[in-house]
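Here is the structure we will look at.
The values are calculated or read from the model by the stated rules, or taken from the named source; none is laboratory data. Small disclaimer: the values here were computed from a predicted structure and weren't measured. A quick note on method: Cβ atoms are made from the backbone with ideal geometry, for glycine too, and the neighbour counts reach across all protein chains shown. All accessible areas refer to the heavy atoms of the entire protein, side chains included, with ligands and DNA or RNA removed. Shrake-Rupley method; radii C 1.70, N 1.55, O 1.52, S 1.80 Å.
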Amino acid sequence: MQKIETPDLSIIIPAYNEGKELVKNISSIIESIDKVTNNFELIIVDDGSTDNTKEESKKLNDKRIKFLSYEINKGKGAALKYGFEYAKGKYVSFMDADLDINPSSLKNFFHYMDFYDADIIIGSKRHPESKVHYPWFRRFLSWGYQVLIFLLFKLNIRDTQSGLKLLKYDVAKDLMKKVTVKKYAFDLELLINAKKKGYRVVEAPIVLEYKFSGTGINLKAVKGIFIDTLGIAYRNYVLRYYD
Ligand SMILES: Nc1nc2c(ncn2[C@@H]2O[C@H](COP(=O)(O)OP(=O)(O)OP(=O)(O)O)[C@@H](O)[C@H]2O)c(=O)[nH]1
Ligand SMILES: [Mg+2]
């Protein structure tokens, strides 16, 4: 009987209205990851897309791909948490579908994990070795958000939000229990939890080439992440929920 090999890596990709570039982006992700390990699974989570993401997914025929889909849009965090329920890898990566961040940095993330004996490696736009092409207003927004996080949580992480992360499976499983945020502040809640539990989080360089897709940060999203962040502060300081 064929032995089911546990994948080394489960890559969870949240996808909301990514139909236009899906096949191209996923093929290029597979090409990059094949250079890191060929024993991986790709879990694409269609987060209630209203475009042709689902139809396009039918053109993906690599048996390492698992395509999950649900009708109602819930947010990036909810999509990652849902995809994680299907993950079997020793390591788990969260990766945005729009390929703004080059996935080949994952190879280096594994080196960092070994070298620093870390539990979580996060891609950081503010790592000195990162190469980042990003509109100034997004830089300003991102910097402002990090200042807010430092003031609110004394979290010594320079960039919590970048769309490429690598975690040990057991660490992710432990942290997911307390993650409640469904939208963008999911990453922040995960990292605050990790710090509370003494997990070792290390920032690593990324290559970010911003391809404006027009779906990202809009005022509604900025307001949403701000409210979610205050919600995390309330749970942290008032409810002591993460203790
Ligand atoms: N915008 C958005 N993205 C989602 C949602 N659910 C899952 N995603 C995915 O989450 C990832 C990050 O979303 P992005 O819209 O790229 O967020 P961003 O990188 O901050 O913004 P831009 O790249 O500038 O649009 C992508 O893979 C999206 O497809 C959602 O409800 N809204
Ligand atoms: Mg993006």
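Approximating the spin labels as points 7 Å out from Cα along Cα→Cβ, the Lys24-to-Tyr234 distance works out to 4.3 nm. Semi-axis lengths, largest first, of the ellipsoid equivalent to region 62-131 are 25, 16, 12 Å, with √(5λ) applied to each eigenvalue of the Cα gyration tensor.
Suppose R0 equals 30 Å; then what is the FRET efficiency for Ser69 and Ile227 from their Cβ-Cβ distance, rounded to the nearest 0.05?
The pair Ser69/Ile227 has a calculated efficiency of 0.65.
Element breakdown for the chain at a 1.4 angstrom probe: carbon and sulfur atoms account for 58% of the accessible area. Taking Ile232, Ile72, Ile30 in turn, the Gaussian network model of the chain (Cα-Cα springs below 10 Å) assigns the largest fluctuation to Ile72. For region 61-133, chymotrypsin sites (Phe, Trp or Tyr not before Pro) are listed when DSSP marks them as loop and at most 14 other Cβ atoms sit within 10 Å of their Cβ; the list is Tyr86, Tyr116. From helices alone, the chain scores -12000 deg cm²/dmol at 222 nm; the rule is -39500 (n - 2.57) for each run of n ≥ 4 DSSP H residues, then divide by the residue total.
3J(HN,Hα) along region 101-114: 9, 5, x, 5, 5, 4, 4, 5, 4, 5, 4, 4, 4, 5 Hz, from the Karplus curve 6.51 cos²θ - 1.76 cosθ + 1.60 with θ = phi - 60°, whole Hz, x for Gly and Pro. Distance between the pseudo-spin-label points of Glu209 and Thr180 (7 Å out from Cα toward the beta carbon): 4.1 nm.
Once the C-beta distance of Asp243 and Asp8 is scaled by a Förster radius of 41 Å, the resulting FRET efficiency is 0.75 to the nearest 0.05. Note on the chain: GNM, Cα springs under 10 Å; of Arg138, Arg64, Arg158, the largest mean-square fluctuation is that of Arg138. The Cβ shell under 15 Å around Ile149 holds other residues with a net charge of +2, Lys and Arg each +1, Asp and Glu each -1.
Cross-linked pairs Lys63/Lys173; Lys125/Lys168; Lys90/Lys220; Lys66/Lys173: Cα-Cα separations exceed 31 Å for Lys90/Lys220.
Per residue, how big is the convex hull of the chain when only Cα atoms are used? Give it in Å³.
131 Å³
Counting 0.36 nm for each residue step from Lys59 to Asp114 and taking away their Cα separation leaves a gain of 16.2 nm. Taking every Cα-Cα distance in region 1-103 and sorting them into 10 Å bins starting at zero, the pair-distance distribution P(r) comes out as 16, 51, 28, 4, 0 percent.
For region 119-218, chymotrypsin sites (Phe, Trp or Tyr not before Pro) meeting the loop criterion (DSSP other than H, G, I, E, B) and having at most 16 other Cβ atoms within 10 Å: Tyr210, Phe212. Stretched out straight at 0.36 nm per residue, the stretch from Ser104 to Phe150 would grow longer than its current Cα-Cα span by 13.6 nm.
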